[in-house]
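Student: One structure is given below, represented as structure tokens, and several questions about it will come after.
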Amino acid sequence: MSKISGFSKLSKSDKVDWVCSNYLNGSPDARLIIKQYWNSDEKLQKLHDEFAENTISNYYLPFGIAPNFTIDGKVYCIPMVIEESSVIAAASKAAKFWDNKGGFKTEVVSLTKVGQVHFTFKGEYENLKTQFDENKSTFFHEAKDITANMEKRGGGIKSIELINKTEALEDYYQLHCTFVTADAMGANFINSCLEQFGKTLEKIMNPQFQVEVIMCILSNYVPDCLVRAEVSCPIDALAETKEDAENFAKRFKYAVEIANVEPYRAVTHNKGIMNGIDAVILATGNDFRAVEAGVHAYAAKEGQYKSLTHVEIKDNVFRFWIEVPIAVGTVGGLTALHPLVKVALKMLDNPSAETLMRIIAVAGLAQNFGAVNSLVTTGIQKGHMKMHLLNILNQFDATKDEKEKAVEYFKTHTATHSHVVDFIKSIRS
């Protein structure tokens, strides 16, 4: 394998040629596939090229729609970007199920985000604390140029606290800072504030104190940037007969309780929730990796990884809800650049960050309802494999006629991969 100096300075075509020659055996097919995904609109392609570094092509994911979501009395058509079969279908089915039962209700519990200045100090803690307390207002004052615009939009710095972490790590302290960032996700704003706090800290403490700032960075763990979504209805409304409804409610609740006590199940349970959440986050140009990290940390906040959803059966009412930390924005970043992100946000009636939090939580709850519903009734594979059927058929370059025959056949047969392969072979022979 070859190495190269100055790869980033090559043109995109030269990057493709180098990769194909050195890592793809000079394959003309690989070169064709890479270039096949370039957008014919040069301006649009240049925009995409500049989202990241060393781009050689575009990687497409399906942009789908889950309609008919009634959220807090308003009907939404939710955009979802995901490659996994059955996710959008399950969410849409859940939306339909709950539509005549009052729909989804949501509440934004809190909007606080966190950042920290990590530093070392080798002196007496009381001296450090006294110096910090006496100069606390200086941190706010010296960040004024950064916070002015955010404060006009209703955001800004909420608090700056000195935390002693020396029991965990020798000489380790931090400034634990909280922020509100209005409709922006706020990462750049928070990091800019933190870096200024680091400079202020070193200025007011040195040279008389041995302070060394190690790093200044926001946290993607946002347990106080919370949103709650729920559905509820009389148990009798869950199925056609009273017996079936009560059995469904009992089995559904027990399944969620299993995820609350068994981490092996909880991880898969919550992964299904994130199918819905991540799909909306991607569609709206937000950072799904940041949200994932924070959500999974929240699921383990009690010392064991647990379910993000909960069920209560009380006074003949079935109640199902989720409480989840979601830090997203509707201004800045890709929201102002990616054309499809603009379409997605317009589809959602250009929501505020708070409203988008509500919609995202609902998508996660709906997806989880669909998954657990399948698990405790027909089983997960029946619906999933039928949705996955076209993927398998495409692997075998099935013709339109073959696809129609397969879809008809597997309406009444189990659609495992091997069964689909056998069916294709049989009709071709």
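The values are calculated or read from the model by the stated rules, or taken from the named source; none is laboratory data. Nothing here was measured: the structure is a model prediction, and the numbers come from that model. Here the Cβ is made from the backbone with ideal geometry for all residues, glycine too, and neighbour counts use every protein chain on show.
Student: Yes or no: the range 81-97 includes at least one residue that is free of Cβ contacts under 8 Å to residues at least 24 places away in the same chain and within 22 Å of Ala344 (Cα to Cα).
Tutor: Yes, that holds for at least one residue.
Student: Mind counting the residues in the range 313-355 that are over 26 Å from Phe63 (Cα atoms) and free of Cβ contacts under 8 Å to residues at least 24 places away in the same chain?
Tutor: 2
Student: For the range 410-428, give me each residue that is at pLDDT below 80, more than 13 Å from Leu393 (Cα to Cα) and hydroxyl-bearing (Ser, Thr, Tyr).
Tutor: Answer for the range 410-428, where residues must be at pLDDT below 80, more than 13 Å from Leu393 (Cα to Cα) and hydroxyl-bearing (Ser, Thr, Tyr): Thr412, Thr414.
Student: When you scan the range 299-309, do you find a residue that is among the aliphatic types (A, V, I, L, M), within 23 Å of Ser232 (Cβ to Cβ) and part of a loop (DSSP other than H, G, I, E, B), even just one?
Tutor: As a first pass, look at the range 299-309 and keep what is among the aliphatic types (A, V, I, L, M): 299-300, 308.
Next, from what is left, pick out any that are within 23 Å of Ser232 (Cβ to Cβ): 299, 308.
Checking the rest, the ones that are also part of a loop (DSSP other than H, G, I, E, B) come to 308.
Checked against the condition, which is being among the aliphatic types (A, V, I, L, M), within 23 Å of Ser232 (Cβ to Cβ) and part of a loop (DSSP other than H, G, I, E, B), the range 299-309 yields at least one hit.
Student: Ok, one more. Kindly indicate whether any position in the range 249-267 is of a type outside the set (A, V, I, L, M, F, W, C) and either at pLDDT below 95 or not in a helix (DSSP H, G or I) (or both).
Tutor: Within the range 249-267, one or more residues are of a type outside the set (A, V, I, L, M, F, W, C) and either at pLDDT below 95 or not in a helix (DSSP H, G or I) (or both).
Student: Restricting to the range 239-288, give me the number of residues that are over 20 Å from the mean Cα position of the chain (by Cα) and closer than 27 Å to Ser352 by Cβ.
Tutor: Residues meeting the conditions: 0.
Student: Can you find a residue in the range 136-157 that is assigned to a helix (DSSP H, G or I), in contact with a strand residue (DSSP E or B) (Cβ under 7 Å, 6 or more places away or on another chain) and over 30 Å from Arg289 (Cβ atoms)? I'd like the intermediate steps shown before the answer.
Tutor: Start the filter on the range 136-157 by keeping residues that are assigned to a helix (DSSP H, G or I), which leaves 136-142, 144-152.
Next, only the ones that are in contact with a strand residue (DSSP E or B) (Cβ under 7 Å, 6 or more places away or on another chain) stay: 136, 139-140, 147, 150.
Those still in the list that are over 30 Å from Arg289 (Cβ atoms) too: 136, 140.
Yes, the conditions are met somewhere in the range 136-157.
Student: If you scan the range 350-404, which residues turn out to be assigned to a helix (DSSP H, G or I), among the charged types (D, E, K, R) and at pLDDT 75 or above?
Tutor: The answer is Glu354, Arg358, Lys400, Asp401, Glu402, Lys403, Glu404.
Student: Test of understanding: among Leu226, Leu175, Leu169, Leu194, which residue is touching a Gly at 6+ places or on another chain (Cβ under 6 Å), modelled with pLDDT of 95 or more and not charged (D, E, K, R)?
Tutor: Numbers: Leu226 fails: touching a Gly at 6+ places or on another chain (Cβ under 6 Å); Leu175 fails: touching a Gly at 6+ places or on another chain (Cβ under 6 Å); Leu169 fails: touching a Gly at 6+ places or on another chain (Cβ under 6 Å).
Result: Leu194 is the single residue among Leu226, Leu175, Leu169, Leu194 that is touching a Gly at 6+ places or on another chain (Cβ under 6 Å), modelled with pLDDT of 95 or more and not charged (D, E, K, R).
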